[in-house]
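Below is one structure, written out as structure tokens; the observations come after it.
The values are calculated or read from the model by the stated rules, or taken from the named source; none is laboratory data. Everything quoted here is computed from the prediction, not taken from an experiment. Positions of Cβ are backbone-derived with ideal geometry, glycine not excepted, and every protein chain shown enters the neighbour counts.
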Amino acid sequence: MTSTEFAAYVRQKTKTNSTTFTDAEILALTVPAQDDIAKEVIKANEDFFGLEVIRNITVSQRNYAFASELIQIKILQAKLNGTDWEVLDEYDNNTLRINTDNTSIKKFFSDYGNVYNPGYFLFGSEIIILNDSDISAVTDGLKMWAIFWPTKLTSLSGSDDMSVRPSATGVGFPRQFHEILARRVIIEWKESQDPPVKLTARELKYDNDLQEALDSIKGLNLDRSVEATTPYDDGQDY
């Protein structure tokens, strides 16, 4: 579904229109429902919302921020020598206990290079590259395999299918869950009415049908990753 079709479907099933069930009201119910379903999708297949994101390495820059939708970094690679990819180890600074200025990082990894491989710290949605030399500029020199939240729906007038990636670092909402999401919104709306509106037999099967959809994505081959390239985009809108 496009977001326009999504809204039309919800209104048809609730016998409403854009006045009695506004876009803002639909979105208010849709966003938390979308997140709830996304959580279940991740439980069923943790790589389902995975992206391969490629960034430039900027001269003298160790800190790189990523979109707030970032959930987990699976693998981080970099061309620290300008040519060859290497997988960076993830470290916790509670263990290493080093200052994160350039001089301190270089000294630590020069002194303990036989113990610690080049790596990174992760703090929030930002990484800090750790190695024994200055950071040189490398085009497309940083590659991250990571899991992202699907980009939240912010408009009900879109013409693209909601499963389409909305940006270089944005993840669409999978097509097999569009009707499930719409049904969840319909249920929420019906239960919020005074008095509540009776649910249909299909709406009463929501939990069962959600589980069937989740079962259908278990064990999928996700080796065919999607590559997202620079320029960096925070992926806020469809």
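List of remarks:
- Qualifying residue in the range 25-34 (condition: more than 21 Å from the chain's Cα centre (by Cα) and at pLDDT 95 or above): yes
- Any hit, the range 104-120, residues being part of a strand (DSSP E or B) and not basic (Lys, Arg): yes
- The lone criterion from (1) in a loop (DSSP other than H, G, I, E, B); (2) modelled with pLDDT under 95; (3) polar (S, T, N, Q) left unmet by Gln72 is number (1).
- The set of residues in the range 128-156 that are buried (at least 19 other Cβ atoms within 10 Å of the Cβ) and among the hydrophobic types (A, V, I, L, M, F, W, C) comprises Ile129, Leu130, Ile135, Leu142, Met144, Ala146, Phe148, Trp149, Leu153, Leu156.
- Selected residue [surrounded by fewer than 19 Cβ atoms within 10 Å (Cβ to Cβ), touching a Phe, Trp or Tyr at 6+ places or on another chain (Cβ under 8 Å) and closer than 19 Å to Thr2 by Cα] from Ser163, Ser125, Ser159, Ser167: Ser163
- Residue pairs meeting the criteria (Cβ under 7 Å; at least 6 apart or on separate chains; first crowded, with 16+ Cβ neighbours inside 10 Å, in the range 33-59; second among the acidic types (Asp, Glu)): Ala33/Glu188; Glu52/Glu227; Ile54/Asp140; Ile54/Glu227; Asn56/Asp140
Here's the yes/no breakdown for (1) on the phi > 0 side of the Ramachandran plot; (2) in contact with a Lys or Arg (Cβ under 8 Å, 6 or more places away or on another chain); (3) hydrophobic (A, V, I, L, M, F, W, C):
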position: Lys39; (1), (2), (3): no, no, no
position: Ile42; (1), (2), (3): no, no, yes
position: Asn45; (1), (2), (3): no, yes, no
position: Ile54; (1), (2), (3): no, yes, yes
position: Ala65; (1), (2), (3): no, no, yes
position: Leu70; (1), (2), (3): no, no, yes
position: Lys74; (1), (2), (3): no, no, no
position: Gln77; (1), (2), (3): no, yes, no
position: Asp84; (1), (2), (3): no, no, no
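- Residue check, Ser136 hydroxyl-bearing (Ser, Thr, Tyr), touching a residue at least 60 places away in the same chain (Cβ under 8 Å) and more than 25 Å from Phe49 (Cβ to Cβ): yes
- Cβ separations smaller than 8 Å between residues 6+ apart or across chains give the following pairs from the range 86-98 residues that are under 14 Å from Met144 (Cβ atoms) and part of a strand (DSSP E or B) to residues that are basic (Lys, Arg) and modelled with pLDDT of 90 or more: Glu86/Lys79.
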